[in-house]
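This report refers to the structure that appears directly beneath it.
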Amino acid sequence: MQGNIHSFETFGTKDGPGIRFVLFLQGCPLRCLYCHNPDTWLKDDAKYHHSPQEIYHEYDRIKNVARGGVTVSCGEPLMQAEFVLELFKILKTNNIHTAVDTSGIFLNDKVKQVLEFTDLVLLDIKHINPDKYLKLTNAPLQATLDFMTYLAETGKKVWLRYVLVPGYTDDETDLHHWAQYASQFSNVERVDLLPFHQMATHKWENMEVTYKLKAVPPAQKADVERAENIFRLYGLNI
Ligand code: SF4
């Protein structure tokens, strides 16, 4: 079995605890307007193809530095659930911490098997308003909420993620609703607020896809602090 792989980051510090090996998998069914990795959308566009065993050996070479463990990340890693399952089985056999960064769009038997071998889920809940979520991602919010419910029911550790995009995801009422929703789950350990930036513009241009957020300014430190303060009102750990 081979995974369709976009790229690797050998010493990642933003995708789970500690210094981590981050594997970016190719393929995503969402079409987020702010996507920073549109070049990962199509599964068949993968630059690399590797077996779970080969990925494990790659990690093994650097494990003394990347002690945090392994994270699989965007596009949508659970689109290749079978590959992730085999990889995580190997990693857990070797006592290595595993994390999945996901939009929660898929919840099927194979994904549930992956979660049994997953220590931490980084779940992106990209908006709390169903209509705005649909416009932002071209996918229904309910799938992600169902995913979160399943994580709560199974007691899985979760770090929630939220990308702050001026004019799209920074409405004060929406932020209160998002935080209120998130605060009901005792398995949510922390929340990461990620400021929108424009560093991926060239990727959209190279792909000749209309980038609707071209004129949107990056989120500023003050915007992030305002949102963080709202989240803290609900007891969320930022
Ligand atoms: S889920 Fe991630 S990779 Fe997929 S479209 Fe959205 S931002 Fe891009």
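Laboratory data are not the source of any read-out in this text; all were calculated from the coordinates shown. A quick note: this is a predicted structure, and the numbers were derived from the prediction, not measured. Positions of Cβ are backbone-derived with ideal geometry, glycine not excepted, and every protein chain shown enters the neighbour counts.
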key: Residue count, the stretch 193-208 (criterion: in contact with a strand residue (DSSP E or B) (Cβ under 7 Å, 6 or more places away or on another chain) and either of a type in the set (Ser, Thr, Tyr) or in contact (Cβ under 8 Å) with a residue 40 or more places away in the chain (or both))   = 2
request  = Those residues that are away from the ligand (no atom under 16 Å from the Cβ) and not in a strand (DSSP E or B), I need them from the stretch 63-83; list them, please.
outcome  = Lys63, Asn64, Val65, Ala66, Arg67, Gly68, Glu82, Phe83
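Residues are listed down the side, and each one gets a yes or a no for (1) buried (at least 18 other Cβ atoms within 10 Å of the Cβ); (2) within 15 Å of the ligand (Cβ to nearest atom); (3) within 15 Å of the chain's Cα centre (by Cα); (4) closer than 24 Å to Cys32 by Cα:
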position	(1), (2), (3), (4)
Leu85	yes, no, no, no
Thr93	no, no, no, no
His97	yes, no, no, no
Thr118	yes, no, yes, no
Leu123	yes, yes, yes, yes
message = Show me the strands (runs of 3 or more DSSP E) found entirely inside the stretch 1-62 where at least 2 residues are aliphatic (A, V, I, L, M).
response = 20-25
remark   = Ile96 meets each of (1) in a strand (DSSP E or B); (2) within 28 Å of Met148 (Cβ to Cβ) with one exception, condition (1)
ask   = Quick one: Ser103 ticks every box in (1) within 20 Å of Thr118 (Cα to Cα); (2) away from the ligand (no atom under 11 Å from the Cβ); (3) among the hydroxyl-bearing types (Ser, Thr, Tyr) bar one, so which box is it?
value = (2)
message = Being surrounded by fewer than 21 Cβ atoms within 10 Å (Cβ to Cβ) and either without any contact (Cβ under 8 Å) to a residue 40 or more places away in the chain or not hydrophobic (A, V, I, L, M, F, W, C) (or both) is the filter here; which residues of the stretch 107-116 pass it?
response = Asn108, Asp109, Lys110, Lys112, Gln113, Glu116
